[in-house]
Amino acid sequence: MAVIRNASAHWEGSLMEGAGKVTFESSELGSHDVTWAARANESNGLTSPEELIAAAHSTCYSMALSHGLAQAGTPPETIDTKAAVSFVPGTGITGVALTVTGKVPGLTAEQFEQAAQAAKEGCPVSQALKVPITLEVNFTE
């Protein structure tokens, strides 16, 4: 059975002048402000969809790599992953750059590279944008 996690966004106004909040509902981490300016320019303490994707991807990838290494009999001591999501206004998300550093006793650099590449392909967030997306539309006047 699927586990479902929920977040929501509320937006008021136009894209350029408006503002909104993203709310982490499942974890109750709270609400965070978002604006177009923070998305397309400097963040100035606000978040963006791309930062949220980067957070999800770096976490999921670290978990996938840790699991793969443990399954191969070489559990890691540490895995540190950074995800940099590129966004171009008018174009959209143009890429994700993952950078991973791991401390894995008994593993060579080449073996770590192979495990890291396998985790990139198997990570559920790496695959997330390839899945079908459903949409339910409601309108109020």
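Data for the structure
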| item | result |
| --- | --- |
| Relative packing of peptides 101-113, 52-64 - highest average C-beta neighbours within 10 Å first | 52-64, 101-113 |
| Calculated P(r) of the chain - Cα pairs past 27 Å, % | 34 |
| Segment 71-133: radius of gyration over Cα atoms, expressed as a fraction of 2.2 N^0.38 Å | 1.38 |
| Surface share of carbon and sulfur [accessible, 1.4 angstrom probe, percent] for the chain | 55 |
| Rounded to the nearest 20 debye, dipole of the chain from Cβ charges on Lys, Arg, Asp, Glu | 360 |
| Pairwise FRET efficiency - residue 59 versus residue 133, Cβ, R0 = 22 Å, nearest 0.05 | 0.55 |
| Out-of-range pairs (alpha-carbon distance over 28 Å; input 21/82; 21/120; 82/130) | 21/120 |
| Probe 1.4 Å, accessible area per residue of the chain, Å² | 72 |
| MRE, 222 nm, helices only [DSSP H, n ≥ 4, -39500 (n - 2.57), over the chain, to nearest 500] | -10500 deg cm²/dmol |
| For residue 7, residues with placed amide H under 5 Å, excluding near neighbours | 25 |
| Phi to ³J(HN,Hα) by Karplus 6.51 cos²θ - 1.76 cosθ + 1.60 over segment 112-118, Hz, x for Gly, Pro | 5, 4, 5, 5, 5, 5, 5 |
| Linear extension gain, residue 77 paired with residue 33, 0.36 nm per residue minus alpha-carbon span | 12.3 nm |
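The values are calculated or read from the model by the stated rules, or taken from the named source; none is laboratory data. No experiment lies behind these values; they were computed from the predicted model shown. Cβ sites come from the backbone with ideal geometry, for glycine too, and all protein chains shown count toward neighbours. The area values use the complete protein model at the heavy-atom level, side chains included, leaving out ligands, DNA and RNA. Shrake-Rupley method; radii C 1.70, N 1.55, O 1.52, S 1.80 Å.
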